[in-house]
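Here's the structure, in structure tokens; my notes come after.
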């Protein structure tokens, strides 16, 4: 299990902290990170580009000149793609660039990015910032005390508003919530800083839950068999009742004849 030195806001050691093996100690999967980052950047595209075809350009409704006798090539409109001011052939239209990415792949990409930063020693965990009110000077001093240079990704909890307001004015710092942590932002920054209460842990689906889900469909055929048995028993009972009624009717007939 990977272990990291816990720091305080002044940059001094505050003990040791065990990190989650499945989040910070796996072998980075570069192809998965590439695919997830590519999909994330594609989803950011607005996709609002648009061009007009010859049917959408204004004008060109009348034939410019007669079909024969002018010496020119025959034309039906002055808004064809080969005309200046005409429509665009095979031009771009509004579309969505979003790609479907499985949740397991997104999770693996994030854990691979965090493991890569941890292998490089670029992950810092602070016990707490300890600021009661926003203070940008204190934030700059804290980054200097931690020895962080370059781009820094600071993961801030929802309840730590003072830290968020202190870091947001620094151009080299990117703030992000724990639920919004993603592989692209981790890879775009040189350092990743957590507080102790927001260090992520990987939670895989338990096998017992999967087994229970798989066992549920098997119980339905048994219920059907029980119902079938009940229905067959009911049929036999009704048949025996009909036979008794028929015997009683025959007996009554014989007695009336005698």
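The values are calculated or read from the model by the stated rules, or taken from the named source; none is laboratory data. Nothing here was measured: the structure is a model prediction, and the numbers come from that model. Quick reminder, even Gly has a Cβ in these numbers, built from the backbone with ideal geometry, and neighbours come from all protein chains shown.
For region 1-51, the set of residues classified as closer than 29 Å to residue 98 by Cα and free of Cβ contacts under 8 Å to residues at least 40 places away in the same chain consists of 31, 34, 44, 46, listed by residue number. Among the conditions (1) without any contact (Cβ under 8 Å) to a residue 40 or more places away in the chain; (2) not in a loop (DSSP other than H, G, I, E, B), residue 121 misses just one, which is (2).
Would you please name the residue that is surrounded by the most Cβ atoms within 10 Å (Cβ to Cβ), looking only at residues in region 127-141 that are touching a strand residue (DSSP E or B) at 6+ places or on another chain (Cβ under 9 Å) and in a loop (DSSP other than H, G, I, E, B)?
129
Considering each residue of region 71-80 in turn, at least one proves to be under 46 Å from the mean Cα position of the chain (by Cα) and not assigned by TED's automatic domain parsing to the domain that holds residue 102. Among the residues in region 36-55, are any outside any helix (DSSP H, G or I) and under 26 Å from residue 202 (Cβ atoms)? No, every residue in region 36-55 fails to be outside any helix (DSSP H, G or I) and under 26 Å from residue 202 (Cβ atoms). Looking at (1) closer than 24 Å to residue 106 by Cα; (2) touching a strand residue (DSSP E or B) at 6+ places or on another chain (Cβ under 7 Å), which is the only condition residue 4 fails? Checking residue 4 against (1) closer than 24 Å to residue 106 by Cα; (2) touching a strand residue (DSSP E or B) at 6+ places or on another chain (Cβ under 7 Å), the one that fails is (1).
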